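Asks: Structure below; questions to follow.
What follows is calculated from the coordinates using simple rules that are stated; it is not laboratory data. Because the structure is predicted, anything quoted here is derived from the model rather than measured.
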Amino acid sequence: MLDLGAGYGKYGVLFREYLVLRHSREDRRRGKKSGFSQVARIDGVEGFAAYVGASTNSYTTKSMSKASWISSNREWEYDFIFIGDVLEHFDKAAAVEKVLPTLVARASMGVLVSVPAKVEEQGRYLRQPAGNSP
């Protein structure tokens with residue numbers, strides 16, 4: 001699976017738990033050896049370096065990339081794609097005409113899209129020095 005906009009990695013932790021740990025426990029309960037953990041691949045892509053956090057060890061690979069790779073000509077496909085809090089950063093026409101169709105075409109099982117209920121202008125992200133309040 002692919003997590004676009006992986007950020008701190010919180011969804012990677014949840015995906016890993018439900019794709020690997022849960023199935024491994026069920027297999028052990030049934031008395032069979034689980035090979036699921038070896039075949040579950042969860043890739044994370046984040047385009048904003050300041051959002052990359054410590055919870056990234058749940059991903060098979062985690063990379064920094066601009067969103068333009070989504071529509072690139074290179075070959076890629078996943079069973080499932082999650083795109084969380086990313087789509088609102090695209091121009092609406094580009095999101096509807098290019099991004100979503102590309103994701104649907106490249107996901108054999110489905111795409112889950114999450115956007116904020118209220119989209120506000122974010123402006124420039126500034127990290128506050130430790131110990132200082134905004």
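Asks: Whose amide H sits under 5 Å from the amide H of residue 63, counting only residues 5 or more places off or on another chain, with H placed in the peptide plane?
Replies: Residues meeting the amide H criterion: 44, 45, 46.
Asks: So what are the ³J(HN,Hα) numbers for segment 4-19, from phi and the Karplus equation (6.51, -1.76, 1.60; θ = phi - 60°), rounded to whole Hz, Gly and Pro as x?
Replies: Rounded to whole hertz, the list is 8, x, 5, x, 6, x, 4, 6, x, 4, 5, 4, 4, 4, 7, 7.
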